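The values are calculated or read from the model by the stated rules, or taken from the named source; none is laboratory data. Quick caveat, the model's predicted, so the values are computed rather than measured. Every residue, glycine as well, gets a Cβ built from its backbone with ideal geometry; the counts of neighbours run over all protein chains shown. These accessible areas exclude ligands, DNA and RNA; they are computed on the full protein's heavy atoms, side chains included. Shrake-Rupley method; radii C 1.70, N 1.55, O 1.52, S 1.80 Å.
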Amino acid sequence: MNDIRNFNEYQKAYQLSLANPKKFWDEVALNFYWRKKWDETLQWDFIKPDVKWFLGGKLNITENCLDRHLDVLGDEPAIIWEPNHPDEPKRILSYNELYLQVCRFANVLKNQGVYKGDRVCIYMPMVPEVVIAMLACARIGAVHSVVFGGFSSTALRERIEDAQSNVVITSDGYYRGTKQIPMKQTVDEALKQVNIEQKVIVFRHTGQPVNMISGRDVWWHEAMQMASNECEAEEMDAEDMLFILYTSGSTGKPKGVVHTTGGYMVYTGYTFKQVFQYRSGEVFWCTADVGWITGHSYVVYGPLLNGATVLIFEGVPTWPDPSRLWQVIDKYKVNIFYTAPTAIRALMAEGDDWLKPYSLQSLRVIGSVGEPINQEAWEWFYHQVGKGKCPLVDTWWQTETGGIMISPIAGITPLKPTYASLPLPGIQPVILDADGKEITENEKEGLLCIKFPWPSMIRTTFGDHERCRKNYFAAFPGYYFTGDGARRDKDGFYRIIGRVDDVINVSGHRIGTAEVENAINEHENVVESAVVGYPHPIKGQGIMAFVICNHPPDDEAKTKKEIGEVVTQIIGPIARPDKIYIVEGLPKTRSGKIMRRILRKIAEGDISNFGDTSTLLEPEVVKKIIQAIKN
Ligand code: WT7
């Protein structure tokens, strides 16, 4: 599909995508199967915002992920599943089997009263059934809203309510190393307070006891037995909603990022093939959970659109020991391995001995995603894992962009450690200064924006278009604002610095400081809190919380522990602060705004210069905080 096979072809594709974007994307889109071709390639307006791709085109993405491959690839593996426990049996689903299961489960959904346009919440572990559930939704035109299995019942409830989902697909529980974690029970708790009539479909995985509510809950395997495995795909408009995925921003409430069918398909299918230079027959392994965008685009849609074999792993990198990932790579002869810097740093810290028994010779391309990768981790990944022979693609993108935006193309464009490097064809990044002027000189840090639409970009935030406008299109009229800081070097290579808004990136997970603060404030003895990120050797960023209490706690350690538990309960363990300081006051401006800039500096350990503090109401407060940390 308009493949890029050398640097010259990259440059030609990029030039064409600038000079004639419609022609460029028309050619790419023609590689997919459309029931009806589009009438118009693109309509856009970044002020409203209103972006539409492939207008009038009709398709179903599952026909592109499944049906289209069956003739040639029917017996080839679509999914290889490696369980948490290395001694448990693996599972392999061929394209034929995956197709039949998706059709069958699509009928299960229909039998439960799900129609085109309905939102279905998927709260599941990393098992093949999560992919089946997502594709079954797409098959019948239902909109999936996958919620990461590590989120708490409160976070799950918020997402069910916001999307107005009336079906939840879940599992009895899942495994993480030595732990067995309930899921159905969490769904039960979440639904207690939801006023929308629900159906719950439960996949039996761990076999732990669950409480089935008659009339509401059905077992996956029982419902499947009764369903036919023939299901004609629903004809969708290119701009019909494919899924909603919640992500954190500066405000307290997560946003439901909306992606639509045609553009998302074209972009994820194209970028998967190009960035990893995927070759047919190869085994692709992306370690991301399907609860995040990386899982949607590069565990499910991108690979399946290309007829790839994708590996799904339920467990964790460090169990039973820190060689697990290398074991799995050798076991299945993985060719492309895509993971996050936090995993790389964690395994690097365990020492090189864990790698030594493994050949890793099958690897051809390695990739990184989710947060900036530091030089040391880059070098280790490249030399120890990739043996210096695998291109390392540092892929920059976001939930909102749907697919990889800035990244090397494996083996084709040059690598530069810590640089996401060059934009993919069709992507027009710019760096703006605080006044919204494009910075044209090199090596100057600014705000990363995109000035032209691409097919898989966010269309709206579910149920609240104004929020989408304000968040991404209002700061700099005419541009999509990413929320990231970046700079460009003399070769045009981009280096992503990190978030410039109130979002913390903890182990590649995006967490809004306001969400954590709201959770902390639920503790009975908390009056106010402020949360900032700080550099963390493994997680990239850790969460630091400054908390003002109502009355000085009798037992500080106990209060801090309780605060951590409240956050776990309201959001999930990923948002639990790493450090909590109980302080007497927070640095505020005269108008009462918390000066987070100062707290960030303190958290980074840089107390030499706080910049302009003329608006700071009580300078004493800052001294006291520094003292509290020293103690
Ligand atoms: C934020 C988006 C899309 C993948 C998973 C995260 C940061 C992502 C990189 C990278 C530096 C990166 C950015 C971005 N980020 N990839 N290669 N280098 N930073 O998706 O949860 O929507 O988070 O992750 O800060 O804005 P997300």
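For the stretch 472-483, a residue qualifies if it is within 14 Å of the ligand (Cβ to nearest atom), within 30 Å of P414 (Cβ to Cβ) and either open to solvent by 10 Å² or more (accessible area, probe 1.4 Å) or in a helix (DSSP H, G or I) (or both), and exactly one does: F481.
Hey, does the stretch 548-568 have a residue that's within 11 Å of the ligand (Cβ to nearest atom) and either under 30 Å from D433 (Cβ atoms) or touching an Asp or Glu at 6+ places or on another chain (Cβ under 6 Å) (or both)?
Quick first cut of the stretch 548-568, residues within 11 Å of the ligand (Cβ to nearest atom) only: none.
Checked against the condition, which is being within 11 Å of the ligand (Cβ to nearest atom) and either under 30 Å from D433 (Cβ atoms) or touching an Asp or Glu at 6+ places or on another chain (Cβ under 6 Å) (or both), the stretch 548-568 yields no hits at all.
Being loosely packed, with under 14 Cβ neighbours inside 10 Å, basic (K, R) and at pLDDT 95 or above holds for only one residue in K593, K558, and it is K558. In the stretch 176-201, which residues are in a strand (DSSP E or B) and open to solvent by 40 Å² or more (accessible area, probe 1.4 Å)? Within the stretch 176-201, R176, K179, Q180, I181, P182, K199 meet the criteria.
Set side by side, the residues N20, N60, N64, N31 differ, and just one is under 28 Å from C286 (Cα atoms), modelled with pLDDT of 95 or more and open to solvent by 50 Å² or more (accessible area, probe 1.4 Å), which is N31. Scanning the stretch 307-323 for residues that are over 23 Å from the mean Cα position of the chain (by Cα) and open to solvent by less than 10 Å² (accessible area, probe 1.4 Å) yields one hit, S323.
Residue-wise test of (1) at pLDDT 95 or above; (2) within 16 Å of the ligand (Cβ to nearest atom); (3) not assigned by TED's automatic domain parsing to the domain that holds R597.
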{"position": "R495", "(1), (2), (3)": "yes, yes, yes"}
{"position": "G498", "(1), (2), (3)": "no, yes, yes"}
{"position": "H523", "(1), (2), (3)": "yes, no, no"}
{"position": "V531", "(1), (2), (3)": "yes, no, no"}
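Filter the stretch 388-398 for residues that are among the polar types (S, T, N, Q) and either without any contact (Cβ under 8 Å) to a residue 60 or more places away in the chain or more than 15 Å from T271 (Cβ to Cβ) (or both) and give the result. Spell out the reasoning first.
Kept after step one, since they are among the polar types (S, T, N, Q), are these residues of the stretch 388-398: 395, 398.
Answer for the stretch 388-398, where residues must be among the polar types (S, T, N, Q) and either without any contact (Cβ under 8 Å) to a residue 60 or more places away in the chain or more than 15 Å from T271 (Cβ to Cβ) (or both): there is none.
Could you list, in sequence order, all residues of the stretch 39-55 that are in contact with an Asp or Glu (Cβ under 9 Å, 6 or more places away or on another chain) and open to solvent by 20 Å² or more (accessible area, probe 1.4 Å)? Within the stretch 39-55, Q43, W44, K52, L55 meet the criteria.
Taking the stretch 70-96 as the range and being of a type in the set (D, E) and either crowded, with 18+ Cβ neighbours inside 10 Å or assigned to a strand (DSSP E or B) (or both) as the test, only E82 passes. Here is the figure for the stretch 392-418: residues that are among the small types (G, A, S), at negative phi and either open to solvent by 20 Å² or more (accessible area, probe 1.4 Å) or modelled with pLDDT under 95 (or both) total 0. Would you check which residues across the stretch 533-547 are part of a loop (DSSP other than H, G, I, E, B) and within 15 Å of the ligand (Cβ to nearest atom) and list them? Within the stretch 533-547, just K539 meets the criteria. Within the stretch 456-471, can one find any residue that is surrounded by fewer than 14 Cβ atoms within 10 Å (Cβ to Cβ) and in a loop (DSSP other than H, G, I, E, B)? For the stretch 456-471, residues surrounded by fewer than 14 Cβ atoms within 10 Å (Cβ to Cβ) and in a loop (DSSP other than H, G, I, E, B): present.
For the stretch 372-397, name all the residues that are of a type in the set (F, W, Y), near the ligand (Cβ under 9 Å from one of its atoms) and in contact with a strand residue (DSSP E or B) (Cβ under 7 Å, 6 or more places away or on another chain). Spell out how you get there, then give the answer.
Of the stretch 372-397, the ones of a type in the set (F, W, Y) are 378, 380-382, 396-397.
Remaining after also requiring near the ligand (Cβ under 9 Å from one of its atoms): 396-397.
Scanning the stretch 372-397 gives a single hit, W396.
Each residue in the stretch 237-259 was checked for being within 22 Å of E63 (Cβ to Cβ) and open to solvent by 10 Å² or more (accessible area, probe 1.4 Å), and 4 pass. Here is a list of conditions, (1) small (G, A, S); (2) out of contact with any Lys or Arg (no Cβ under 9 Å at 6 or more places or on another chain); (3) within 16 Å of the ligand (Cβ to nearest atom), and G302 meets all of them except one; can you say which number that is? The single condition G302 does not satisfy is (2).
Here's the yes/no breakdown for (1) β-branched (V, I, T); (2) over 30 Å from S153 (Cα atoms); (3) touching a His at 6+ places or on another chain (Cβ under 8 Å); (4) modelled with pLDDT of 95 or more:
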| position | (1), (2), (3), (4) |
| --- | --- |
| F546 | no, no, no, yes |
| P552 | no, yes, no, no |
| E562 | no, no, yes, yes |
| P573 | no, no, no, yes |
| K579 | no, no, no, yes |
| G611 | no, yes, no, no |
| T615 | yes, yes, no, no |
| P619 | no, yes, no, no |
| I629 | yes, yes, no, no |
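If only residues of the stretch 419-455 that are open to solvent by 30 Å² or more (accessible area, probe 1.4 Å) and outside any loop (DSSP other than H, G, I, E, B) are counted, the one that is farthest from the ligand (Cβ to nearest atom) is E438. Figure legend. Inter-residue proximity from the stretch 266-291: first residues basic (K, R), second residues outside any loop (DSSP other than H, G, I, E, B), beta-carbon distance below 9 Å, spacing 6+ or different chains. Indicated pairs: K273/G302; K273/L305.
Applying the criterion of being among the hydrophobic types (A, V, I, L, M, F, W, C) and assigned to a strand (DSSP E or B) to the residues of the stretch 326-371, the residue that is nearest to the ligand (Cβ to nearest atom) is V369.
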